[in-house]
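For reference, the structure discussed in these notes is given below.
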Amino acid sequence: MLEFRTPEISDKDRVTEAMRASGEQACEYCFGNLYIWSRVYKNMITFFDGMLLARDCGEKPCYLYPCGNGDKKRAVGELISYSRAEEDGSFEMYCLTPKSKAELEGLFPGEFDFIEERAYFDYIYNCEDLIDLAGRKYHSKRNHISYFKNNFDWSYEKITPDNLSECYEMNRKWERLHISENDGALDDELDAIRRGFIKFGKLGFVGGLLRKDGEVIAYTFGEEINSEVFCVHAEKAYSDIRGAYPMINQQFCEHELFSYKYINREDDTGDEGLRKSKLSYNPAIILPKYRAVYKG
């Protein structure tokens, strides 16, 4: 019988190897994301026949499509048996991409229903576009950045152990400013970000910050999915400072991410404001995600 457990920092290399073997570009396929949100979503992992199996134990237990170089059909079959023995008999997998959806349908023809989940589609951008912001479609972004550069005493820095705590304190202040919007989601996000900052170096995170008059007013961080794709996990700025958001995005890509082809800025969780913002950067790929529900 499978034995799931909470992911630990010591699992990073093994999990990363399995996730990269999947060839996926989705934000679920990087260890840091799994780790920092593990307390919120009660993420758990195990290994079976060389495959990584991940379990989200939120409102309803759900599983990530198996990662690695083993027998995926056998791994899915083991998960089905486990769910029958340990849960109510139902079995679902989350965040399947078109690639994994097609593979699962090929392995188990007609045995799963697939439900499109628009709120979890990933927004993936050409890194060069986010650096250059060239053309009419980025005109407003360039205007905001020009205003920021011309009107403020500013500087950009890579996040290091010396300035990490300033980013966390800025995030706490940002959370207090948005407390009226808090339905519990901000508390969850603060927990995930705190876990990210505590293990920042060991997780292999890369980040950047903006200062205005010496004070941190924006930060961002994320991690590599593979040699072509970088995933941005968090980005915060004070919205009343014109240009702060587009500025931290552009500067981070220019200084730290220029070697990547694509930048995955994750999903919009169904938030219309966030969706509008992500679409305004003209994604090269909007990566669909599906939930797979076993019929058996």
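The values are calculated or read from the model by the stated rules, or taken from the named source; none is laboratory data. None of these values were measured; they are calculated from a predicted model. A quick note on method: Cβ atoms are made from the backbone with ideal geometry, for glycine too, and the neighbour counts reach across all protein chains shown.
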- Item | Filter result (without any contact (Cβ under 8 Å) to a residue 12 or more places away in the chain, assigned to a loop (DSSP other than H, G, I, E, B) and not acidic (Asp, Glu)) within segment 177-213 | His178, Asn182, Gly184
- Item | Number of positions in segment 70-120 that are of a type in the set (Ser, Thr, Tyr), assigned to a helix (DSSP H, G or I) and closer than 20 Å to Glu59 by Cβ | 3
- Message: Quick test of your reading of the structure: Gly106 fulfils all but one of (1) under 20 Å from Arg291 (Cα atoms); (2) surrounded by 14 or more Cβ atoms within 10 Å (Cβ to Cβ). Name the failing condition by number.
- Response: (2)
- Query: Listed residues Tyr219, Tyr238, Tyr260; which is closer than 18 Å to Glu128 by Cα, touching a residue at least 60 places away in the same chain (Cβ under 8 Å) and assigned by TED's automatic domain parsing to the domain that holds Tyr138?
  - Reply: Tyr260
- Task: Could you list, in sequence order, all residues of segment 194-233 that are out of contact with any Leu (no Cβ under 8 Å at 6 or more places or on another chain) and within 15 Å of Leu34 (Cβ to Cβ)?
- Result: Arg195, Lys199, Lys202, Leu203, Gly204, Phe205, Gly222, Glu224, Ile225, Cys231, His233
- Message: Whether any residue in segment 67-89 is assigned by TED's automatic domain parsing to the domain that holds Ala21 and under 21 Å from the mean Cα position of the chain (by Cα) is what I want to check.
- Response: yes
- Restricting the search to segment 218-262, which residues are more than 18 Å from the chain's Cα centre (by Cα) and surrounded by fewer than 19 Cβ atoms within 10 Å (Cβ to Cβ)? Tyr238, Ser239, Asp240, Ile241, Arg242, Glu254, His255, Phe258, Ser259
- Task: Might you let me know whether segment 170-190 holds any residue that is modelled with pLDDT under 95, polar (S, T, N, Q), surrounded by fewer than 12 Cβ atoms within 10 Å (Cβ to Cβ) and not assigned by TED's automatic domain parsing to the domain that holds Leu34?
- Result: yes
- Residues of segment 137-175 classified as within 24 Å of the chain's Cα centre (by Cα) and assigned to a strand (DSSP E or B), total: 3
- Query: Quick one: Arg194 ticks every box in (1) within 22 Å of Gly270 (Cα to Cα); (2) out of contact with any Ser or Thr (no Cβ under 6 Å at 6 or more places or on another chain) bar one, so which box is it?
  - Reply: (1)
- Task: Working only within segment 262-293, note down all residues that are in contact with a strand residue (DSSP E or B) (Cβ under 7 Å, 6 or more places away or on another chain), more than 18 Å from His233 (Cβ to Cβ) and among the charged types (D, E, K, R).
- Result: Arg291
- For segment 118-158, which residues satisfy the criterion of being within 30 Å of Leu96 (Cβ to Cβ), among the charged types (D, E, K, R) and touching a helix residue (DSSP H, G or I) at 6+ places or on another chain (Cβ under 8 Å)? Asp129
- Near pairs, Cβ below 8 angstrom, 6+ apart or cross-chain, from segment 105-121 (closer than 14 Å to Tyr65 by Cβ and in the same structural domain as Ser90 (by TED's automatic domain parsing)) to any residue that is surrounded by 15 or more Cβ atoms within 10 Å (Cβ to Cβ) and among the small types (Gly, Ala, Ser): Phe112/Ala292; Phe114/Ala292
- Quick one: which residue in Asp267, Asp271 is under 16 Å from the mean Cα position of the chain (by Cα), loosely packed, with under 14 Cβ neighbours inside 10 Å and more than 19 Å from Lys158 (Cβ to Cβ)? Asp271
- Need at least 3 residues that are farther than 20 Å from Glu224 by Cα per element, so show me which strands (runs of 3 or more DSSP E) inside segment 244-296 make the cut, counting only ones lying wholly within it. 290-294
